[in-house]
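Accompanying notes for the structure given below.
The values are calculated or read from the model by the stated rules, or taken from the named source; none is laboratory data. Keep in mind that what you see is a predicted model, and the values were worked out from it rather than measured. So basically every Cβ, Gly included, is an ideal-geometry build from the backbone, and we count neighbours across all protein chains shown.
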Amino acid sequence: MNTDADGYVTNNSCGRRNQPQTEWKLDGSYFLSTSSLNHEIKFGGRVREAIGEDAWSYPGRNLWHYHGAISGVQNPGLLAWLGLPPERARDAHVVYAYRGGPVPLVSEYKSLWIQDTMTMGPWTFNAGLRYDVQDGVNEPGRVAGNPAFLEVLPPLEFEGNDADGIRWTSLSPRLGLTYALGAERKTLLRGSFSQYPAVLGLGMMEQVNPVGGAFAWIVFIDSPGGYTGFYDDGEEYAVGGGFGGFDPANPTALETSNKNDPDMNPELTRELILGVEHAFLPELVTGLKITWRNVTDVSEWQALFRNSSTGEVKTIPATEYIPDRVVSGLLPDGSPYAVQTWAANPVKWSFTGGELYTDGSREIDYLGAALTLTKRLSNQWMMRGFVNYNFDESWMVPSSYFDNNDPNRARQGSIDGQIYTANSIHSQWQWNLNGMYQVAPDRPWGFNLAGNLSGRQGTPVGYVRWVAGLDGIAREILAEDDLGDFRNDDLAIVDVRLEKEFSATGSLGLTFSVDGFNIFNSGAVLSRFNNLGAGNAQWVNETVSPRIWRLGVRLNWR
């Protein structure tokens, strides 16, 4: 597999994923009355086991080549540090050597819950509590070494582990209140509060599995005579670093350099929703909903380094990083950028290729509103629509975040001890309107005509430069001052449908339809190549699918 100087990928990778799940669930409900309250009590429990088994490979020798111009390794200082000839910087390229195999991962989820729905006149109360336990293991397995760099990535036989003992337990309360206003109860006032944990995914198991998948990134000097930009046997190389839990200093280790913090808690989301609905007509209802959301214990991956003097492996604060290099150039609007990059002091620290997965000190605050409209089918037509607007989505990044994190300007937004306002990370607004009109439904030739209109703000591009640091870490460095300075096109799509139903017999019917998707053939850009060091920077990567017409026939029976 190869990525050339323009960022284009030739050849490909292949793999398979086998992910069976087994679930046992028991639930029930009980109705009773206490004084003026009516209760509907729901309760239950569930045990679910998810098994993941992935196999992945790259054609030939399990290698992925990157041209040195876009991977950031054509740097004389980096080559000198690796012991390669700095005067050959233009001939320096990168190969990622892969080792991995189909190793079973098992996650287990256990849940218990109880909820009481109480009604009394115009009032409806909901109160519930849920208890979750999440954990998992890596089962035994073996993996072959990388055929091109067998001494760097040798074969391994693994006996399994408990994923560093990571185990999440959590209590999740749910509260809700609805009040029907007025004698006719046409207006509903709603409020709810809920708290729920993140899901412990199979990836958290795999990252501490030494045979689950690992890369060594290797800088080589391309010699004349071979295929340009490809590693040929005998060419001079040095191991620049590892990732995916691979430590080049300990290639036969039966544990990864990744670590899971067994004492960590899951990300916890608290959500408060306030809303009002009003029925102007029995079939016409509008609503307004305001959502506040707070996420705490935002998980993070902290790089692990080995102290060159003591051999101790630990995370390090931003004060242990030194200036590396300045990447500069022009942004798409012609304005210049110059970003200082940082690397862990390579004299004192060496990157182990691993990261610690643990609780972080960051929080996320969100405030948004949604306006909805529902017109049920009457008088031959129906309509539904909504408008969502995100007023604020702020990442709270305290100065303590940098006690164990990288000070580089990453795409995710590392801002020195400030509130990072991240409205730009997602679309700030989106809307949808769809409806149907029945044309002469009482006539034999009558038909239905429907349409769907949707739109949203364009997503941010996030222009970056790839930089290979002196500490053996390849990073994406944000070139923009703020993620969201450059966005893809705003989206507006119109779809239509025409259908006609025929009764074949008393119990059978046929529906013929014509659907038109993106009928105005919008070519809105959904994504662009964002590496400013590549020749294809700013080029369009993905657009909205062109206009499509579809003819359909559906058989109905009663």
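Things to note:
- Gly334 modelled with pLDDT under 95, at positive phi and either surrounded by fewer than 16 Cβ atoms within 10 Å (Cβ to Cβ) or in a strand (DSSP E or B) (or both): yes
- So Ser35, is it out of contact with any strand residue (DSSP E or B) (no Cβ under 8 Å at 6 or more places or on another chain), more than 30 Å from Phe351 (Cα to Cα) and not acidic (Asp, Glu): yes
- Taking every residue in the range 329-349 that is farther than 30 Å from Gly311 by Cα and pairing it with any residue that is of a type in the set (D, E, K, R), at least 6 positions away or on another chain, the pairs with Cβ-Cβ distances below 6 Å are Val339/Arg409.
- Qualifying position, being within 28 Å of the chain's Cα centre (by Cα) and assigned to a loop (DSSP other than H, G, I, E, B), among Gly354, Gly360, Gly368: Gly360
- For the range 192-249, filtering for residues that are of a type in the set (Asp, Glu) and more than 22 Å from Ala468 (Cβ to Cβ) leaves 2.
Let's see how each residue does on (1) within 30 Å of Gln538 (Cα to Cα); (2) surrounded by 17 or more Cβ atoms within 10 Å (Cβ to Cβ); (3) in contact with a strand residue (DSSP E or B) (Cβ under 8 Å, 6 or more places away or on another chain); (4) touching a residue at least 60 places away in the same chain (Cβ under 8 Å):
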{"site": "Thr352", "(1), (2), (3), (4)": "no, yes, yes, yes"}
{"site": "Arg362", "(1), (2), (3), (4)": "no, yes, yes, yes"}
{"site": "Ala369", "(1), (2), (3), (4)": "no, no, yes, yes"}
{"site": "Lys375", "(1), (2), (3), (4)": "no, yes, yes, yes"}
{"site": "Ser400", "(1), (2), (3), (4)": "no, no, no, no"}
{"site": "Asp403", "(1), (2), (3), (4)": "no, no, no, yes"}
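- Pair list, Cβ under 8 Å, 6 or more apart: the range 227-245 residue at positive phi and loosely packed, with under 12 Cβ neighbours inside 10 Å, other residue modelled with pLDDT under 80 and among the basic types (Lys, Arg): none
- Boolean, Gly68 is buried (at least 18 other Cβ atoms within 10 Å of the Cβ), of a type in the set (Gly, Ala, Ser) and touching a helix residue (DSSP H, G or I) at 6+ places or on another chain (Cβ under 7 Å): no
- For the range 196-207, a residue qualifies if it is among the small types (Gly, Ala, Ser) and either within 30 Å of Phe280 (Cβ to Cβ) or part of a helix (DSSP H, G or I) (or both), and exactly one does: Gly203.
- The single residue among Asn126, Asn161, Asn138, Asn209 that is in contact with a strand residue (DSSP E or B) (Cβ under 7 Å, 6 or more places away or on another chain) and closer than 30 Å to Val73 by Cα turns out to be Asn209.
- The range 116-135, residues that are under 30 Å from Gly160 (Cα atoms) and either aliphatic (A, V, I, L, M) or in a loop (DSSP other than H, G, I, E, B) (or both): Val133
- Those strands (runs of 3 or more DSSP E) of the range 137-195 that lie entirely within it include none in which at least 1 residues are in contact with a helix residue (DSSP H, G or I) (Cβ under 7 Å, 6 or more places away or on another chain) and surrounded by 15 or more Cβ atoms within 10 Å (Cβ to Cβ).
- Taken as a whole, the condition of being surrounded by fewer than 17 Cβ atoms within 10 Å (Cβ to Cβ) and either farther than 30 Å from Tyr231 by Cβ or not polar (S, T, N, Q) (or both) applies to Pro85.
- Of the residues making up the range 254-270, those that are surrounded by fewer than 16 Cβ atoms within 10 Å (Cβ to Cβ) and touching a residue at least 40 places away in the same chain (Cβ under 8 Å) are Leu254, Asp261, Pro262, Arg270.
- Selection from the range 197-238 of residues that are β-branched (Val, Ile, Thr) and in contact with a helix residue (DSSP H, G or I) (Cβ under 8 Å, 6 or more places away or on another chain): Val208, Val219, Ile221
- Checked against the criterion of being of a type outside the set (Val, Ile, Thr), assigned to a loop (DSSP other than H, G, I, E, B) and buried (at least 17 other Cβ atoms within 10 Å of the Cβ), the range 538-547 contains not a single residue that satisfies it.
- Among the candidates Ser513, Ser454, Ser522, residue that is of a type in the set (Ser, Thr, Tyr), part of a loop (DSSP other than H, G, I, E, B), modelled with pLDDT of 90 or more and on the phi < 0 side of the Ramachandran plot: Ser522
- Out of Tyr58, Tyr109, sole residue that is free of Cβ contacts under 8 Å to residues at least 60 places away in the same chain, crowded, with 18+ Cβ neighbours inside 10 Å, closer than 28 Å to Glu139 by Cβ and of a type in the set (Ser, Thr, Tyr): Tyr58
- Sub-6 Å Cβ pairs linking a first residue in the range 491-515 that is aromatic (Phe, Trp, Tyr) to a second residue that is at pLDDT 85 or above, at least 6 apart or interchain, are Phe502/Leu510; Phe512/Lys500; Phe512/Val553, ordered by first then second residue.
- Looking across the range 88-106, just one residue is more than 32 Å from the chain's Cα centre (by Cα) and surrounded by 24 or more Cβ atoms within 10 Å (Cβ to Cβ), and that is Ala92.
- Selected residue (only one of Gly68, Gly72 is within 30 Å of Phe529 (Cα to Cα) and either modelled with pLDDT under 85 or within 26 Å of the chain's Cα centre (by Cα) (or both)): Gly72
- Output for the range 276-322, where each listed residue is assigned to a loop (DSSP other than H, G, I, E, B) and more than 27 Å from Tyr366 (Cα to Cα): Pro282, Glu283, Ser308, Ser309, Thr310, Gly311, Glu312, Thr315, Ile316, Pro317
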